[in-house]
Amino acid sequence: MRISFFVCIPKYRYQVLVKEIKGRLQEILIELCEWLDIDILEGAIASDHVHMYLSVLPKNSPARVMKVLKEKSSEYL
């Protein structure tokens with residue numbers, strides 16, 4: 001397992017991750033990480049960014065993981 005640290009930032013760093021969106025985004029990210037076989041070691045969602053400390057299999061590149069998490073989470077929201 002390889003450990004990676006990711007920070008996702010919405011466009012222009014608008015404070016859009018608030019109220020019910022924050023809770024739903026957390027559920028979506030947990031679901032996606034289970035689907036990709038990624039362990040979430042730590043994570044936090046602020047109003048304008050997301051911190052994730054992940055344990056990723058070596059077969060998944062950090063770019064691919066980030067791409068899937070950002071694409072699918074925005075699709076589901």
**Study point:** In segment 39-77, residue farthest from the chain's Cα centre (by Cα) [restricted to those that are exposed (fewer than 12 other Cβ atoms within 10 Å of the Cβ) and of a type in the set (Lys, Arg)]
**Key:** LYS59
Point to revise | Test: residue in segment 24-34 that is of a type in the set (Lys, Arg) and surrounded by fewer than 13 Cβ atoms within 10 Å (Cβ to Cβ) | key: no
Point to revise | Residue in segment 1-26 that is farthest from LYS70 (Cα to Cα), counting only those that are among the hydrophobic types (A, V, I, L, M, F, W, C) and in a strand (DSSP E or B) | key: ILE3
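Throughout, read-outs are computed from the coordinates displayed, never taken from laboratory work. Just so we're clear, the structure is a prediction, and the values are computed from it rather than from any experiment. No Cβ is skipped: glycine too gets one built from the backbone with ideal geometry, and neighbour counts run over all protein chains shown.
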